[in-house]
Structures are given as structure tokens and as C-alpha cells.
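What follows is a set of notes on a single structure, which appears directly below.
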Amino acid sequence: MTTNEADSEVYALPKWWCEHNVQLLDVYSCAGTSVALLYRLLSQRTHDQSISHKTMPTFAEHLAFVCKEPYTAWYVILGDDYQVGAVYLSKQREIGISILDEFRHRGYGTQAVRLLMARHPGKFLANVNPANAASANLFRHLGFGLIQHTYARE
Ligand SMILES: CC(C)(COP(=O)(O)OP(=O)(O)OC[C@H]1O[C@@H](n2cnc3c(N)ncnc32)[C@H](O)[C@@H]1OP(=O)(O)O)[C@@H](O)C(=O)NCCC(=O)NCCS
């Protein structure tokens, strides 16, 4: 077997074959170390990934927002010992999730949302831009169903 054939066998393995070591670290108890990561995640967001976030705040504005503790829970996602993203649960029980570009499509987002739901059992909502297929797929795979289309005029 050539090296190329061996490589293609590895890539042909089913997508869900590996579970990662994923942990959630409380942003509010270690804000100093996580605020730069949260700002980087925000800067990677495009308009079709978010329905709530239009313009990029300054770092100082972002820091002030984090310090207000706006969500019920907010976690940095540690995946296999790397900071790979962040996940939160809003006071209205909405889940927000962001994974750094370089760690996407490896299952971290799905595992992190599962952990969040286990830690805060109850009803959950997810506001997803219709153009954001990755996010829609993630929530659908976790059993979320579509309940409404929201129209806006600005
Ligand atoms: C949306 C987002 C959070 C998804 O996170 P992610 O970690 O890439 O998601 P996952 O890897 O868990 O799942 C995405 C895909 O990878 C697949 N996957 C899941 N586990 C996997 C694994 N262990 N190995 C390989 N692939 C896997 C899933 O089947 C899914 O595939 P599909 O989209 O083709 O159906 C991420 O793309 C992101 O941060 N986007 C920018 C911010 C954003 O849009 N946030 C959501 C706002 S509502």
C-alpha cells in the first residue's frame, strides 16, 4: 500500500469516530485569561453567522460587556488542552456557541453544547441565521426543531 492509499483510508473513517476531551471553564471566574479569546472569536464572526452582532466593539467595550456578566453561564471551551471556543447560556435560555476557525468541523461545538445542556438542564433555544448551515446542522443533530422564522426590517 502506498502512503497516499494509507492516507485516504484514514480520511475515509466515519466523521464521528472520535470523542474529544472537552471541558468547560467558567469565564466569570477567570475573565482575565479568557477575554482575549472571546474578542478573537467575535472578530472571526461574519454577518451570516450572527443575527445579533452587527459591528465589532472595541476591546474596552468588549471587556466592559464581559464584566457585566450578561449571561446565566459563559464558558471557554477547552478541547484536548487547547482553548478552542466559547459557549454561553443567556437568561432567556438561548445557547450561543463559537469555535475558532482552525478548530471547526472536529466535533468540539457539538460536544461543548452537549456539556452545557447537561450542566443546565431544561428548555433551550438557539437563534440561527438561515445562512449559517454549520450552526443549523449542529443544533438539528442535537434534537432541536425549527419553531419560527423571525423577519426584521432595519
Ligand atoms: C457553528 C459552529 C459553532 C459549529 O462548531 P463546530 O465545532 O465546527 O461543529 P461540529 O464539528 O460539532 O459540527 C460541525 C460539523 O462537523 C461534523 N462533526 C461532528 N463531530 C465530528 C468529529 N468528531 N469529527 C469530525 N467531524 C465531526 C458534524 O457532523 C458537522 O458536519 P455537517 O455540518 O457537515 O453536518 C462553528 O462553525 C462556529 O463557531 N461558527 C462561527 C460562529 C457561529 O456561527 N456560531 C453560531 C451562531 S448561532
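Run the helix sum for the chain: -39,500 (n - 2.57) per DSSP H stretch of 4+ residues, divided by residue count, reported at 222 nm to the nearest 500 deg cm²/dmol.
Result for the chain: -10000 deg cm²/dmol, rounded to the nearest 500.
For Arg40 and Ala64, what is the calculated FRET efficiency with R₀ set at 22 Å and r taken between the beta-carbons, to the nearest 0.05? List each step's numbers first, then the result.
On the way: r = 17 Å, r/R0 = 0.79.
About 0.80, to the nearest 0.05.
Using alpha-carbon pairs under 8 Å, 6+ residues apart, how would you state the relative contact order of the stretch 21-141 in percent?
About 28 percent, as a whole number.
Based on the alpha-carbon gyration tensor of the stretch 21-141 and its eigenvalue square roots a ≥ b ≥ c, which shape applies: rounded if a/c is under 1.5, prolate if not and a/b is larger than b/c, or oblate?
Taking the square roots of the gyration eigenvalues as a ≥ b ≥ c, the stretch 21-141 is rounded.
FYI, it's all coordinate maths here, none of it is from the lab. Computed from a prediction, not measured in an experiment: that's the story for all the values here. Backbone-built Cβ (ideal geometry, glycine too); neighbour counts: all protein chains shown.
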